[in-house]
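Participant: One structure, pasted below without further comment.
The values are calculated or read from the model by the stated rules, or taken from the named source; none is laboratory data. Model, not experiment: these values are computed from the prediction. Ideal geometry is used to build each Cβ from the backbone, glycine not excepted, and the neighbour counts take in all protein chains shown.
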Amino acid sequence: MDLLLSALGWISDGSHWQAGSQSPLPIQDRLVEHLTYTVIAMVIAALIALPLGFYIGHTGKGRQFVITFTGSMRALPTLGVLFFLLMVFGYFLSYDTAPIVGATIAFVLLAIPSMLAGAYSGLESVDRDTIDAARANGMTEWQILTQVEIPLALPLIVGGVRAAALQVIATVTIASYAGLGGLGRIITSGIGLNDYDLILGGALLVTALALLVDGLFAVLQRATATQGLRDTRSAAPRRTQSVTTAADA
């Protein structure tokens, strides 16, 4: 308990937030770096995983391959991948660039499986009768995807992004092993100095950041779930009307 209170006191010390503080401080600089690495990795992963997941969920093609692929990617040790990429890119890139590229790729590989699974499972969860009714009303496949499937699948899609964000935030701490910044730099500095305030303080900051982001995504996921329920209810009369029209014909 004393150790926890001491770490909280270290975090709340205003001098540790002042610009020009001795490395690994100030805390806000490490926090900004941590968020920057996370956002970059999440954006790149989303550009890869979401379109692929939408295609698989809409067409049903390649589903088994993706299940196997995402399972294999989840088994990859991110720290090992990071060190491997550092050695590979160290031959081709500069000393300053190789760690950034290697760490970004490692974090992107970590984020892709959850996003991909959320995207294709979300689209697969959409009621097939709703999709058939949309086709019967003359909607194109693109319109069905963007106006029917994705809106109804948003809760699961957001859930996949939420899981990926938490994984990346927690794992970005290892960026310090590549000579980069982030909150992990506070932890590794504490280990090197045998300073438990730095170690636990850095861990608490990472935990607080993860909980904050998780809370924001939880609110967003609940909002999309409510909207998806409204969309499903509004789609029911159209579906019934389409079936009735087809029966009369």
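Participant: When the residues of region 33-58 are filtered to those that are among the β-branched types (Val, Ile, Thr) and loosely packed, with under 13 Cβ neighbours inside 10 Å, which remaining residue is nearest to residue 183 (Cα to Cα)? Quick ask: steps written out before the conclusion?
Facilitator: Keep residues of region 33-58 that are among the β-branched types (Val, Ile, Thr), which gives 36, 38-40, 43-44, 48, 56.
Retained after the next criterion (residues that are loosely packed, with under 13 Cβ neighbours inside 10 Å): 39, 43.
On the way: 39: 15, 43: 20 Å.
Of everything passing the filter in region 33-58, 39 is nearest to residue 183 (Cα to Cα).
Participant: Of the residues in region 190-222, how many are over 27 Å from residue 115 (Cα atoms) and surrounded by fewer than 19 Cβ atoms within 10 Å (Cβ to Cβ)?
Facilitator: So the answer is 6.
Participant: Identify all residues within region 65-102 that are without any contact (Cβ under 8 Å) to a residue 60 or more places away in the chain, of a type in the set (Val, Ile, Thr) and in contact with a Leu (Cβ under 9 Å, 6 or more places away or on another chain); write none if there are none.
Facilitator: 66, 70, 81, 101
Participant: Of the residues that sit in region 119-168 and are among the polar types (S, T, N, Q) and closer than 30 Å to residue 206 by Cα, which one is modelled with the lowest pLDDT?
Facilitator: Kept after step one, since they are among the polar types (S, T, N, Q), are these residues of region 119-168: 121, 125, 130, 137, 140, 143, 146-147, 167.
Those still in the list that are closer than 30 Å to residue 206 by Cα too: 121, 167.
Details: 121: 90, 167: 95.
Result: 121.
Participant: While we're looking at this one, here's another question. Spot the failing condition for residue 209; the list is (1) modelled with pLDDT of 95 or more; (2) over 30 Å from residue 6 (Cβ atoms), and only one is missed.
Facilitator: (2)
Participant: Kindly provide the set of residues from region 11-31 that are surrounded by 13 or more Cβ atoms within 10 Å (Cβ to Cβ), assigned to a helix (DSSP H, G or I) and out of contact with any Phe, Trp or Tyr (no Cβ under 8 Å at 6 or more places or on another chain), ordered by number.
Facilitator: Hits for region 11-31 are 11, 17, 29, 30, 31.
Participant: Just the residues that are of a type in the set (Ser, Thr, Tyr) and closer than 16 Å to residue 160 by Cα, please, taken from region 113-143.
Facilitator: Taking region 113-143 and keeping what is of a type in the set (Ser, Thr, Tyr), we get 114, 120-121, 125, 130, 140.
Hits for region 113-143 are 114, 120, 121, 125.
Participant: Report, by residue number, each residue of region 169-185 that is part of a helix (DSSP H, G or I) and either modelled with pLDDT of 90 or more or farther than 21 Å from residue 45 by Cα (or both).
Facilitator: Scanning region 169-185 gives 169, 170, 171, 172, 173, 174, 175, 176, 177, 184, 185.
Participant: Looking for whichever is in a helix (DSSP H, G or I), of a type in the set (A, V, I, L, M, F, W, C) and in contact (Cβ under 8 Å) with a residue 60 or more places away in the chain here; the options are 8, 47. Which one fits? Give the derivation first.
Facilitator: Numbers: 47 fails: in contact (Cβ under 8 Å) with a residue 60 or more places away in the chain.
It is 8.
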